[in-house]
There are 2 protein chains.
Amino acid sequence: MIEYRNLRVAILGGGSVGAQVASLLIQHGDELAARAGAGLEVVGVAVRNLDAERSADIPKHLLTTDVESLILGADIVVELIGGIEPARTWILQALNSGADVITANKALLATHGPELFELAGQVGAQLYYEAAVGGAIPIIRPLRDSLAGDRVKRILGIVNGTTNYILDRMDTRGDSLDEALAAATALGYAEADPTADIEGFDAAQKAAILASLAFHTTVPLDLVYREGMSSITLDQVVAARKAGYVVKLLAICERLTDQNGVDGVSVRVHPALIPRDHPLAAVHGANNAVFVEAEAAGSLMFYGAGAGGVQTASAVLGDIVSAARRHVAGGPGVAESTHSDLPVLPISSVTTRYQITLTVVDQPGVLAGIASLFAEHGVSVEAVTQSVGTVSIRDGHDDAKPTATLVIVTHEATESSLALTVGALTDSPVVSSLVSVLRVEGLH
Amino acid sequence: MIEYRNLRVAILGGGSVGAQVASLLIQHGDELAARAGAGLEVVGVAVRNLDAERSADIPKHLLTTDVESLILGADIVVELIGGIEPARTWILQALNSGADVITANKALLATHGPELFELAGQVGAQLYYEAAVGGAIPIIRPLRDSLAGDRVKRILGIVNGTTNYILDRMDTRGDSLDEALAAATALGYAEADPTADIEGFDAAQKAAILASLAFHTTVPLDLVYREGMSSITLDQVVAARKAGYVVKLLAICERLTDQNGVDGVSVRVHPALIPRDHPLAAVHGANNAVFVEAEAAGSLMFYGAGAGGVQTASAVLGDIVSAARRHVAGGPGVAESTHSDLPVLPISSVTTRYQITLTVVDQPGVLAGIASLFAEHGVSVEAVTQSVGTVSIRDGHDDAKPTATLVIVTHEATESSLALTVGALTDSPVVSSLVSVLRVEGLH
């Protein structure tokens, strides 16, 4: 029997992830000690209510409400309470007391990451956060270490399981948004107030973290462009399917040179069409996946469960073993690399493709007129499909005019030229209605 | 302008990967220095022939044939020559001289890994090998670090691009094996002698590396069970498609308790059917993917380009930056964890599912007879599909008897009971021919 040095692990938070982490650390103690080269002793689990029910077994004597004493005596502090305060203060205390810190707190990292990383660098500690994005999916280490010698060009991520579950149900079962949301709520995938998921706030936090890491820069959360998916209709999803696409809520991080030659990054969250044969199109249910395009490596994808107590605990435990190995080896932590200091460019400088669905008056010359309207604004059309035969009653009169539905997919165009084009379409007398405008990603 | 400490990088090998690594290190020197916290100076590229053509630019003065001097003066040695010797000797020299070593050499790791890791541990250096499996795909770090707190149950890997390209062509274009191999050769995916790929030797080396890492044990290459794909026919691929499967050459690493209660691992390479809706089924062309099932994390998949000079260079460069960060932080490397010391169990103790295709005499009672034959050997049948109407001429006589084709999918059974069942089927008078026996993986 090998005798290991003991490392003292403090866990802040006894919720679904915290309870699993504590329980697995205790249950698999010997095995993890052998892997880490050090014993991992759970010295306490800080909770608000000592008597609350736990989703996994924690010995009663480990529960405590005295967070500050717990932090002071620990080599490794695991923050799993979420939110900004008191998580931020406690992490700062832990780093200042010389502990390595592990967190799954995406909201805190997306807003106060630079402050935390700076202190960690100053004191020579390390801040681990594999569980903050993509749950159990290893994505932080691959970006931080495996791709450290490459140049990431673009990340397309399905990083919110709730919205993927909803959109997947709409696509595969023909549910309306409301029906799919109700199903997600019933299964516990969506919270009582689903705003953070549906409106893309959760995905935006993860996008800020991924972009900072991938581009070695600091991306403030308030510069992440965000559009939710609450206006996506079943009609759009069905039409997308017919055209060979699937609608996903994507977190997109991109290196970009804008129209004035400024090098920067674009970080945005919005619904988008992706081609059915794109690897992300096969991500079903509440799963997550991060698709990375790098200069040398080409296309990579990381796929798995994006949430869940025990799944997230897996990522946290990996960080705990890594921190322990680092303690055993000695030396300071590796500082977060933010040297490239790239500006975050506004959505208006992004170029992407668009699918625009219009109903138009079905008369000779209309298509040519619409096409020239795109050309006038510098937007080049790749494909137009037309379905004739619908009849609309305009203006309440019964002078019913035959209309046609046009589905137009553009080549890459800037958001600003697209906005001007859409404005002109809306004003055009031959356009009966602008049915849908969606970005198209993942085409090459 | 920050002044960094310089680390001296020696590259052994100027082939397609070596030349790309050297060229990218020089080209992106400032950027990589900022990420690593140290300058990365290429002090030389050891080659056999100073005048050979290179696939990427290397300044002439860096080329050398004096390998031993190059190694002695280096902080980081990158071995990209492949094969066992002299690669092994040079890596041992490099570790002994205190350098960290980076290698993409799967053959060497699969056969002499323990010797190399042991020396690295003794001298406090680190051996990095992200490029040895899955080319550009980060899979070593996720298994070594991100999943260090979890228990891997099974790995299903498409780790050989050549065979995946061939099987994918057979599946999607209806090529015969020979046609698909010819196409792979023409595109440079297959070598002049494709034995190492087709017969699964390459995949077996990678399976040994993945299993050692995932199960914290040592898996000797000669205990990896290996069947190539040279006997896979277009008929089998087409029949698989009809039944909802796709044929892939898989590297399978599995925790297992055998019939006698012995805990161990099974490591094997063979063609297998996987369901069309399994994430691995969507891995097309020469791409690789590693599907990992872990106790807490659930199912994960890592996908990307499995080969190619510049793609593999991405993985090597990531290791170089990691090694440099470690040098800057100081302290010894993290030793490879092989504490669990699990036996590698023979193929006879593996349990999996099988698809057996038979033609039988079409007469009353045959199906019952075949079913009881399975039952006698303890193999439980999940599904039988029958297509009647084929007519075979038996024994050269013209007493043509109507035959039926049965496709039988079993529940999990041991290889040994399956072998007995297949023997009995072959001997059965009602079986006209045993068309195909294939393992089925990835079903739950």
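None of the figures in this text is laboratory data; all of them are computed from the coordinates on show. From a predicted model like this one, the values you see are computed outputs, not experimental measurements. Every residue, glycine among them, receives a Cβ derived from its backbone with ideal geometry; neighbour counts consider all protein chains shown.
The 3J(HN,Hα) values that the Karplus relation (6.51, -1.76, 1.60; θ = phi - 60°) gives for segment A:64-73 are, in residue order, 8, 10, 8, 5, 5, 5, 4, 4, 4, x Hz. Gly and Pro appear as x.
Look at A:SER146, A:SER380, B:SER23 and count the other Cβ atoms within 10 Å of each Cβ; fewest to most, that gives A:SER380, B:SER23, A:SER146. Each other copy places its own label point for A:GLY15 at 5.1 nm from this one, sorted shortest first, where the point lies 7 Å along the Cα-to-beta carbon line.
Sorting B:VAL267, A:VAL310, B:VAL366, A:VAL361 on the 10 Å Cβ count, fewest up front, what's the list? Spell out each step's value before the answer.
Values: B:VAL267 30, A:VAL310 23, B:VAL366 19, A:VAL361 16.
Sorted ascending by nearby Cβ count, the order is A:VAL361, B:VAL366, A:VAL310, B:VAL267.
Of B:LYS153/B:LYS248; B:LYS106/B:LYS153; A:LYS106/A:LYS153, which sit over 28 Å apart, Cα to Cα? Those over the limit do not exist; all pairs fall within it. Among beta bridges identified by DSSP and lying wholly in segment B:140-305, the antiparallel ones come to about 95 percent.
Annotation: amide H of B:VAL381 within the under-5 Å range of B:HIS411, sequence separation 5 or more or interchain, hydrogens built in the peptide plane.
Along chain A, counting only GluC sites (Glu not before Pro) with a DSSP assignment other than H, G, I, E or B and at most 16 other Cβ atoms inside a 10 Å radius, the longest segment between sites is A:54-190.
Looking at the protein assembly as shown only, what percent of DSSP beta bridges run antiparallel? Nearest 5 please. About 70 percent, rounded to the nearest 5. Note that segment A:352-364 has calculated 3J(HN,Hα) couplings of 8, 9, 9, 10, 10, 10, 10, 9, 10, 5, 8, 9, x Hz, one per residue in order, obtained from phi through the Karplus relation 6.51 cos²θ - 1.76 cosθ + 1.60 (θ = phi - 60°); glycine and proline are x. Debye-formula intensities of the protein assembly as shown, expressed as log10 I(q)/I(0) at q = 0.06 Å⁻¹, are -0.45 (one equal scatterer per alpha-carbon, no solvent). Note on A:ASP277 and A:VAL384: their simple-model spin labels are 2.6 nm apart, each label 7 Å out from Cα toward Cβ.
Axis angle, to the nearest 10 degrees, between helix B:16-27 and the longest C-alpha principal axis of chain B: 40 degrees. In segment A:109-140, whose amide N lies under 20 Å from the spot 7 Å out along Cα-to-Cβ of A:ASN96? List them in ranges. Answer for segment A:109-140: A:109, A:112-128. Rounded to the nearest angstrom and listed largest first, the equivalent-ellipsoid semi-axes of segment B:403-444 from its Cα gyration tensor are 20, 14, 7. Between copies, the label points of A:ALA424, set 7 Å from Cα on the Cα→Cβ line, lie 7.7 nm apart, reported in increasing order to one decimal in nanometres. Take every Cα pair under 8 Å whose residues are at least 6 apart in sequence, average their separation, divide by the length of chain A, and the relative contact order is 16 percent. What sits nearest the axis between copies B and A, counting only chain B Cβ atoms, is the residue and whole-Å distance B:GLY331, 2.
Give a quick list of trypsin sites (Lys or Arg not before Pro) in segment A:36-140 that DSSP marks as loop, anything other than H, G, I, E or B, with at most 13 other Cβ atoms within 10 Å.
Numbers: sites: A:ARG48, A:ARG54, A:LYS60, A:ARG88, A:LYS106; in loops: A:ARG48, A:ARG54.
Sparse-neighbourhood loop trypsin sites (Lys or Arg not before Pro): A:ARG48.
Calculate how steeply helix A:177-186 sits against the longest principal axis of the alpha-carbon atoms of chain A, using the helix alpha-carbon long axis, and give the answer as 0 to 90 degrees to the nearest 10. Here the helix axis deviates by roughly 20 degrees. Backbone phi angles across segment B:217-225, fed through the Karplus curve with coefficients 6.51, -1.76 and 1.60 (θ = phi - 60°), yield HN-Hα couplings of 8, 10, 10, x, 4, 6, 9, 7, 6 Hz in residue order; Gly and Pro are listed as x. What separates the B:ARG241 label point from its copies, with the point 7 Å along Cα to Cβ, is 2.4 nm, written shortest first.
In chain A, the ratio of gyration radius to Kirkwood radius, Rg to Rh, stands at 1.06 when only Cα atoms are counted.
Only helices enter this figure: runs of n ≥ 4 DSSP H residues, each worth -39500 (n - 2.57), summed and divided by the residues of chain B, yield -10500 deg cm²/dmol at 222 nm to the nearest 500. Listed by chain and number, the aspartates and glutamates whose alpha-carbon sits under 13 Å from that of B:LYS242, ignoring those within fewer than 8 places in the same chain, are B:ASP171. For segment B:140-305, dividing the convex hull volume of the Cα atoms by the residue count gives 121 Å³ per residue. For chain A, the longest principal axis of the C-alpha atoms and the axis of helix A:366-376 are separated by about 50°.
Near B:ALA307, the amide H atoms lying under 5 Å from its own belong to B:ALA136; only residues 5 or more places off or on other chains count, and H is placed 1.01 Å from N.
Nearest-5 percent of antiparallel DSSP beta bridges in chain A? Let's see the in-between values first.
On the way: 58 of 82 bridges.
Percent antiparallel among DSSP bridges in chain A is about 70.
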